[in-house]
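These notes are about the structure you will find just below.
The values are calculated or read from the model by the stated rules, or taken from the named source; none is laboratory data. Keep in mind the model is a prediction, meaning the values are calculated, not measured. FYI the Cβ positions are ideal-geometry reconstructions off the backbone, even for glycines, and counts take in every protein chain you see.
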Amino acid sequence: MSKALKDMEKANARVEELRRLIRRHDYLYYVLARPEISDAEYDKLFNELKRLEEQHPELVTAESPTQKVGGEIAEGFAPVRHSSPMLSLDNATSEADVREFEARIKRIIPDAAFKYVCEPKIDGLGIALVYERGAFVRGATRGDGRVGEDVTHNLRTIRNLPKVLRGPLARYEQLEIRGEVFMWQAAFQKLNRDLEEAGESTFANPRNAAAGSVRQKDSRITATRPLDVTLYQLAASSPSANLGSHWEVLEAFRASGLPVSPGARRYRNLDAAIAYHDEMEAKRSELGFESDGVVLKVNSLAQQEALGFTTHHPRWAIAFKFKSQQARTRIRRILINVGRTGALTPSAEVDPVEIAGATISRTTLHNADEIARLEVREGDLVVIERAGDVIPHVVEVVPEPEHKSRPKFKMPTRCPVCGGRAHRPEGEVVWRCDNAACPAQLKERLLHFGSRRAMDIEHLGEAVVNQLVDRGLVKDFADLYHLDVETLASLERLARKSATNLHEAIQGSKGRGLARLLFALGIRHVGEHAASLFAQHYGSMEKLLSATEEELAEIYGIGPRIASSLTQFLAQKENRRVIDRLQDVGVKMTEQTAAGGKKPLAGKTFVLTGTLEDFSRDEAKVAIIRLGGRVTASVSKKTHYVVAGADPGSKYDDARRLGIRVLNEAEFKKVIGQG
């Protein structure tokens, strides 16, 4: 066999392998929202396939990932055909790549002068929105680029997505607008904290969280997720929009109430656009959202039309990627952290390495399944990645001859802190310690118990909690209320004045009420909202203790999982003993419902929008629930009242359009009996 033939067979085999890998990762990313590799690793595979196909054009097929958009339709949602394909973007990883991009488009339109609009590339879930006569009527995911999934009901819950347009775009018969659903980093981190507090699985990154939230079968769950949307393309309009540039499109979006990237800018030449990329890369950790680059678009729509598209991407745009926030380091040892709910979370202690201006010496490994998937072992050379403020994580193990000789990691069957039994509950990815008296859990539980949204015990910080537990002064929540000033003053770095303040804060927390107490107890799956529903429904711990699991599950907004978790918690003798002890020291175990037990707002549904002067959003919700009402996130024909404060959002417009009564703050006070 000739060398040329051997090279061809080798290239063909590698092309098929790359296509198989890319299709698999497309499915994981677009359909399951559970990527296994970073964007940088995916780009390496994709660019290698492009190079091989350029060298061997006879191997190119219509089904190659380079010739079509990745992804396919997930089951469970109605299919929606897009007015035109939602394509991917071509990528550039260097200034030379970007200059070659401009050279290509100049070959198509010789002697043209190109101006650019640049926007940060937000890592979220691609969507297509349809508006008819200014009203939002349908929203779909990108899917396979030609057919997406109808997620209209879920998209309606996104607060910054206008349901009715104003301004220049409101008059069009039909518009198709494209953009991205995403989460701000701060909102994502809060969501994960809340999920962890409720004992639920957390998300690996904001993109997964956004995609998973939009694809929920129950839009009530989507409504609880902190989703945002940014829009960047007018894909179709009827009649045709009289706009000459991409920048004019963005200005029309802004004037019509559609959110666009606050970082979008326009430039007269490529040098300025490249400088914008460098500026964004330098402050990527300050952007507030996940971004792996900037998108450069030819500003003139006439030039865009002349440049056209390939089967994979528009020729008039390119994604100029940031340098990867990755580094190689070696794992010293794998550690297990025990959390408040008993979850055993593996992490890796690594040789210190600098990434994006921070020295990293520890990374998360998420769970046992992730360790098995990556085949991580102590002593391995690994690639770790850090994006913004997200906890660094291991991306891959670097192949080494010594890897297979190192012992495989196994999750412990005993808690590393207390020695209690550790096991993996059926259907879960997390291992847990069964011992409720585990010191590691106790410290985390005490910190949660005293947190602002729970019992709000100011000054009960980590240093104090560590000493209280390590000295054996506190073995459960009730022990906090037996501490005197002298005992607290004996703790390190706690002067008598600070000890007095802490003692007063502990004693003052006794009157927080049943809802705050239920949340403070750290019951798995019982977050603030569920705790408030239980407290408002039963009014006292005594009545709650006598409720059956079936009765609990019938409460609107609870469901069987939360009901089962609360029932199991209250059935444990140790937990009942702690509740009795808390009652003995005077902790309030009741919640005011309505006068005389009446529920004047029973059957009434409220939606809140804007800022109220005398109520926080949570206080307004509690006031409504206490009187038997319900609070939902979106306006529908079933909504009875919309409470509008200052600067109301699109929910106010929805209420007016549907003829739903809008209450100002004074009217709201009258409805809840405070007028």
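Among the conditions (1) in contact with a Phe, Trp or Tyr (Cβ under 8 Å, 6 or more places away or on another chain); (2) within 18 Å of residue 179 (Cα to Cα); (3) hydrophobic (A, V, I, L, M, F, W, C), residue 258 misses just one, which is (1).
Among residues that are at pLDDT 95 or above, over 30 Å from residue 427 (Cβ atoms) and out of contact with any Asp or Glu (no Cβ under 8 Å at 6 or more places or on another chain), residue 245 is included.
Number of residues in segment 532-558 that are among the hydrophobic types (A, V, I, L, M, F, W, C) and in contact (Cβ under 8 Å) with a residue 24 or more places away in the chain: the value is 7.
Within segment 380-408, the set of residues being more than 30 Å from residue 280 (Cβ to Cβ) and touching an Asp or Glu at 6+ places or on another chain (Cβ under 7 Å) comprises 381, 397, 403, 406. Return the residue satisfying two criteria in turn: it lies in segment 646-675 and is farther than 20 Å from residue 166 by Cα, touching a strand residue (DSSP E or B) at 6+ places or on another chain (Cβ under 7 Å) and crowded, with 16+ Cβ neighbours inside 10 Å, and of such residues it is modelled with the lowest pLDDT. Going through the qualifying residues, I end up with 671. Once segment 413-423 is narrowed to residues that are within 15 Å of residue 339 (Cβ to Cβ) and not aliphatic (A, V, I, L, M), the residue that is surrounded by the fewest Cβ atoms within 10 Å (Cβ to Cβ) is 416.
As for segment 131-139, it holds no residue that is of a type in the set (A, V, I, L, M), buried (at least 17 other Cβ atoms within 10 Å of the Cβ), out of contact with any Gly (no Cβ under 8 Å at 6 or more places or on another chain) and outside any loop (DSSP other than H, G, I, E, B).
Looking across segment 477-491, just one residue is closer than 15 Å to residue 509 by Cβ and in a loop (DSSP other than H, G, I, E, B), and that is 483. When segment 492-522 is filtered for residues that are more than 20 Å from residue 469 (Cα to Cα) and not in a helix (DSSP H, G or I), the ones remaining, listed by number, are 512, 513.
Residues that are assigned to a strand (DSSP E or B), small (Gly, Ala, Ser), at pLDDT 75 or above and closer than 23 Å to residue 320 by Cα do not occur anywhere in segment 94-101. The residue that is surrounded by the fewest Cβ atoms within 10 Å (Cβ to Cβ), counting only those in segment 261-310 that are under 25 Å from residue 184 (Cα atoms), among the polar types (S, T, N, Q) and in contact with a strand residue (DSSP E or B) (Cβ under 6 Å, 6 or more places away or on another chain), is 261. Take the conditions (1) farther than 24 Å from residue 262 by Cβ; (2) of a type outside the set (Asp, Glu); (3) assigned to a helix (DSSP H, G or I); residue 186 misses just one of them, which is (1).
Residue by residue, here is whether (1) within 32 Å of the chain's Cα centre (by Cα); (2) of a type in the set (S, T, N, Q); (3) at pLDDT below 90; (4) exposed (fewer than 15 other Cβ atoms within 10 Å of the Cβ) holds:
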site	(1), (2), (3), (4)
525	yes, no, yes, no
571	no, no, yes, yes
582	no, no, no, no
598	no, no, yes, yes
602	no, no, yes, yes
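Condition first: within 20 Å of residue 629 (Cβ to Cβ) and either among the hydroxyl-bearing types (Ser, Thr, Tyr) or part of a loop (DSSP other than H, G, I, E, B) (or both). Now tell me which residues in segment 523-542 satisfy that. 527, 532, 538, 539, listed by residue number. So, residue 196, is that one in a helix (DSSP H, G or I), in contact (Cβ under 8 Å) with a residue 60 or more places away in the chain and over 30 Å from residue 270 (Cα atoms) or not? Yes; evaluated as a whole, the condition is true for this residue. Of the residues making up segment 272-295, at least one is assigned to a helix (DSSP H, G or I), of a type in the set (Lys, Arg) and closer than 30 Å to residue 354 by Cβ.
Over 12 Å from residue 180 (Cα atoms), modelled with pLDDT under 95 and in contact with a strand residue (DSSP E or B) (Cβ under 6 Å, 6 or more places away or on another chain): is that true of residue 134 in this structure? Spelling it out, residue 134 is indeed over 12 Å from residue 180 (Cα atoms), modelled with pLDDT under 95 and in contact with a strand residue (DSSP E or B) (Cβ under 6 Å, 6 or more places away or on another chain).
Against the list (1) part of a strand (DSSP E or B); (2) under 17 Å from the mean Cα position of the chain (by Cα), the condition residue 208 fails is (1).
For the structure I just gave you, tell me whether residue 217 is among the basic types (Lys, Arg) and farther than 26 Å from residue 143 by Cβ. Taking the combined requirement at face value, the residue does not satisfy it. The numbered conditions (1) surrounded by 17 or more Cβ atoms within 10 Å (Cβ to Cβ); (2) without any contact (Cβ under 8 Å) to a residue 60 or more places away in the chain are all true for residue 171 except (1).
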